[in-house]
Amino acid sequence: ASGTLQGLYIGNPEGYKEENIFSLNQIDVEIEPKSLLSDEIVVKKIHIRSPGMSYEKTLRGSNLNSLLAKVESFGRSDTSKTATGKTAPLDSTEVATGQTQKPSKKVLIRELLIEDLQVSIGLMGAGTAVTIPKIEMKDIDSSSTKELVAKVLKVVLNEVTRQIGAGVSGLGQNSLSGPEA
């Protein structure tokens, strides 16, 4: 089974200038249908075409690091409504009725391809843009959606900082110091 998602936006963490951190214009997804009935959902391929990303670096960190921290801490102290309408910790397997929730299904993504990632970079008032032609990951497995998203964000963060490291350093020097004597 396959399908396409269009126009998915992910908001920036609080305290950053841009409204969205990611704009995912087109996402093609292919899933093994039989896996939907098993304990592990197998996604054959996710292909994200020409996404946009706003990377903001400040003295206190970056928006991508803030998003990653938020994803990794999700569920630790948050609560959600159970079927009975009472709140329960998201990480808890017990609901207010004393029944246990089904464990979340595992997910395996055989291939994740991000092509032509357009990164808008903001560094303490200075700005530039860069295109990352390709980020590819294979055989990403996880026991939760949170873990899956964190794994992908870490790879994107590493690739973005690797690709723009020199550019960000140059921006910092140009905007924070004058010419050398």
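The values are calculated or read from the model by the stated rules, or taken from the named source; none is laboratory data. Here the structure is a predicted model, which is why all the values come from computation and not from measurement. Here the Cβ is made from the backbone with ideal geometry for all residues, glycine too, and neighbour counts use every protein chain on show. Side chains are part of the model used for accessible areas, which takes the heavy atoms of the whole protein and leaves out ligands, DNA and RNA. Shrake-Rupley method; radii C 1.70, N 1.55, O 1.52, S 1.80 Å.
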Taking the stretch 46-62, which residues are open to solvent by 60 Å² or more (accessible area, probe 1.4 Å) and either outside any strand (DSSP E or B) or out of contact with any Leu (no Cβ under 8 Å at 6 or more places or on another chain) (or both)? Arg49, Leu59, Arg60
When the stretch 10-45 is examined, which residues are found to be assigned to a strand (DSSP E or B), out of contact with any Phe, Trp or Tyr (no Cβ under 7 Å at 6 or more places or on another chain) and either of a type in the set (D, E, K, R) or open to solvent by 30 Å² or more (accessible area, probe 1.4 Å) (or both)? Gly11, Asn25, Gln26, Asp28, Val29, Glu30, Ile31, Glu40, Ile41, Lys44, Lys45
Go through (1) open to solvent by less than 80 Å² (accessible area, probe 1.4 Å); (2) at pLDDT below 95; (3) touching a helix residue (DSSP H, G or I) at 6+ places or on another chain (Cβ under 8 Å); (4) more than 14 Å from Gly52 (Cα to Cα) and name the single condition Leu112 misses. (2)
Restricting attention to the stretch 140-181, report how many residues are more than 15 Å from Val130 (Cα to Cα), of a type in the set (Ser, Thr, Tyr), at pLDDT below 65 and in a helix (DSSP H, G or I). 1
Does Lys70 fit the bill of being open to solvent by 30 Å² or more (accessible area, probe 1.4 Å), assigned to a helix (DSSP H, G or I), at pLDDT 85 or above and not hydroxyl-bearing (Ser, Thr, Tyr)? yes
